[in-house]
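Presented below is the structure to which this report refers.
The values are calculated or read from the model by the stated rules, or taken from the named source; none is laboratory data. These numbers were taken from a predicted model, which means no experiment stands behind them. As a convention, Cβ positions derive from the backbone with ideal geometry for all residues, glycine included, and neighbour counts pool all protein chains shown.
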Amino acid sequence: MVMAPRIDQRQTQTLVMTPQLQQAIKLLQMSNLELRAFIEQELERNPMLERDEGEVIDVESPDQEDYDDDIGINAEPLNAIKLDTLAPVEIPNDQTLDVDYDNIYNNSNGNESLLRPEGPPSPFSLNSGQANFTDELPNLEETLSKQKTLREHLLEQLAVEVSDLSDRLIGGFLIDSLDDAGYLRNPLLEIANILGCEEQYLELVLKKLRKFDPPGVFARDLADCLALQLQDRNRLDPAMQLLIENLDLLASGSLSQLETICGVNCDDLQDMIAEVRALNPKPAQDFDHEILRTIEPDVLMNESSSGGWNIELNPDTLPRVLVNNTYCFHVSNKMESKEDKSYVMEQAQSANWLVKAVDQRANTILKVASEIVQRQEFFFKKGVKYLKPLILRDIADAIEMHESTVSRVTSNKFIATPRGVLEMKYFFTTAISSTQNGEMHSAEAVRHQIKELIECEEITNILSDDKLVSILKKSGVDIARRTVAKYRESMRIGSSVQRRRQKSNTP
């Protein structure tokens with residue numbers, strides 16, 4: 001072998017994806033919120049794009065006549081697709097988007113500092129919801145429906161009960177460290193290192209905070225939370241303390257063991273259990289929390305008068321953008337240098353591509369949703385039992401697209417059906433064979449059947465996993481015992497022994 005430089009000619013085939021093609025693929029996988037954010041960025045970056053607000057913008061020029069032929073996505077509303085019973089779906093190629101998009105986020109924050117100590121700044125800041133009396137007072141209507149948050153409630157108590165400035169700063173940090181249930185999950189040593197104080201000193205401050213209202217706040221776990229509430233009621237006697245320390249036995253229904261451990265009889269134990277059940281395991285749930293936004297479905301589905309289904313894209317989730325060709329024409333005529341004209345043409349091409357990509361994304365979502373509804377028609381009419389097994393390849397072959405495209409389209413996309421708002425991924429389930437060489441069964445339908453059988457069982461006839469297998473096989477489902485156990489555990493249903501104990505100990 002000669003070790004010397006040389007020139008070789010090779011011929012290879014590679015798939016090269018342009019940046020625009022890569023971005024178009026990313027658009028398919030975006031949720032409606034992500035798409036809105038992306039469109040907002042493009043509207044700020046590209047001067048050739050504009051949000052369609054239903055008005056035509058005229059650009060005045062001393063040299064040219066006014067133009068009103070803005071070109072973009074058709075402003076006509078998106079046509080709904082009527083899906084007849086078990087009939088093929090034809091989707092027009094000229095589907096359009098029809099929605100306006102407004103920015104609904106408000107990032108203003110008018111919180112004032114609770115503590116304003118003199119001297120060097122603290123290593124962390126503490127904000128509160130106290131009013132700023134220098135600002136204009138809000139209207140009465142703005143304060144009627146406002147509820148107090150747990151943080152505001154605790155900060156008020158902190159200002160009254162704790163006078164030392166250092167303790168207040170530590171208390172404020174601990175309040176901000178609570179989770180949604182009102183628990184303090186972070187290790188104290190980690191908090192002490194952040195604050196730069198001794199762990200023993202932190203424990204002393206925490207001891208004061210654990211007496212705050214509501215009882216049980218600042219607990220470390222569930223047992224600690226229940227103990228704090230019992231202590232507040234002056235009911236934390238030795239027997240109750242032993243019961244709290246053995247909640248796992250209470251969950252499993254081992255009442256005889258609890259009687260021995262707590263040193264009480266059956267009647268006393270039942271009273272203690274009833275008292276524990278009356279406690280609040282989440283002390284923060286009665287306070288106002290951050291408002292959770294409901295899911296906005298991408299596709300709307302409703303039954304038509306002829307017996308089929310009407311499927312349409314949700315106009316509230318579709319951003320509507322236009323390419324302002326009028327502005328592009330006027331600007332390009334004013335440009336003198338080659339670089340400026342090149343920039344204008346580049347932005348115009350990018351804007352046209354974005355409009356087409358968003359339109360194509362909408363059409364693809366509609367195609368996939370229509371095919372899913374057509375294949376799962378009996379599920380929408382009769383329930384989960386009739387959910388058919390379905391894989392990505394089935395939809396991809398039907399609409400003549402690649403499986404990866406269908407996977408991206410169904411990710412983070414939701415459809416509003418007569419049975420609720422469901423993610424498109426919900427309809428894709430594995431298949432379970434039939435005992436009679438008949439039609440395959442959906443795994444989700446089998447799970448639902450197992451849940452129904454367990455809910456209907458009587459205390460004298462608790463169904464074991466083997467018994468469930470026997471019943472399912474009689475109904476035509478060929479399933480193994482370990483699969484039944486896996487489905488049961490995934491639904492958080494206990495074993496037959498645990499269910500028998502729970503039902504026998506139920507008052």
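Restricting to the range 375-391, name every residue that is in a helix (DSSP H, G or I), surrounded by fewer than 20 Cβ atoms within 10 Å (Cβ to Cβ) and not charged (D, E, K, R).
Within the range 375-391, Phe378, Phe380, Val384, Tyr386 qualify.
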Residue check for Ala431: under 33 Å from the mean Cα position of the chain (by Cα) and closer than 30 Å to Ile395 by Cβ: yes
Filtered residue count, the range 253-268, keeping only those that are surrounded by 15 or more Cβ atoms within 10 Å (Cβ to Cβ) and either touching a residue at least 24 places away in the same chain (Cβ under 8 Å) or not assigned by TED's automatic domain parsing to the domain that holds Arg220 (or both): 4
Residue tally, condition buried (at least 16 other Cβ atoms within 10 Å of the Cβ) and part of a loop (DSSP other than H, G, I, E, B), over the range 221-245: 1
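Could you tell me which of the residues Leu300, Leu322, Leu354 is touching a strand residue (DSSP E or B) at 6+ places or on another chain (Cβ under 9 Å), among the hydrophobic types (A, V, I, L, M, F, W, C), in contact (Cβ under 8 Å) with a residue 60 or more places away in the chain and part of a helix (DSSP H, G or I)? If you could, list the steps in order and put the result at the bottom.
Numbers: Leu300 fails: part of a helix (DSSP H, G or I); Leu322 fails: part of a helix (DSSP H, G or I).
Going through Leu300, Leu322, Leu354 in turn, just one is touching a strand residue (DSSP E or B) at 6+ places or on another chain (Cβ under 9 Å), among the hydrophobic types (A, V, I, L, M, F, W, C), in contact (Cβ under 8 Å) with a residue 60 or more places away in the chain and part of a helix (DSSP H, G or I): Leu354.
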From the options Asn324, Asn333, Asn352, residue that is at pLDDT 80 or above, in the same structural domain as Asp52 (by TED's automatic domain parsing) and not β-branched (Val, Ile, Thr): Asn352
Qualifying residue in the range 449-472 (condition: in contact (Cβ under 8 Å) with a residue 60 or more places away in the chain and crowded, with 17+ Cβ neighbours inside 10 Å): yes
Single unsatisfied condition, Asp359 versus (1) within 30 Å of Gln29 (Cβ to Cβ); (2) free of Cβ contacts under 8 Å to residues at least 12 places away in the same chain; (3) within 32 Å of the chain's Cα centre (by Cα): (2)
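Looking at Ser342, Ser306 in this structure, which one is outside any helix (DSSP H, G or I) and more than 24 Å from the chain's Cα centre (by Cα)? Let's see the steps before the verdict.
Values: Ser342 fails: outside any helix (DSSP H, G or I).
Selected residue: Ser306, the only one of Ser342, Ser306 that is outside any helix (DSSP H, G or I) and more than 24 Å from the chain's Cα centre (by Cα).
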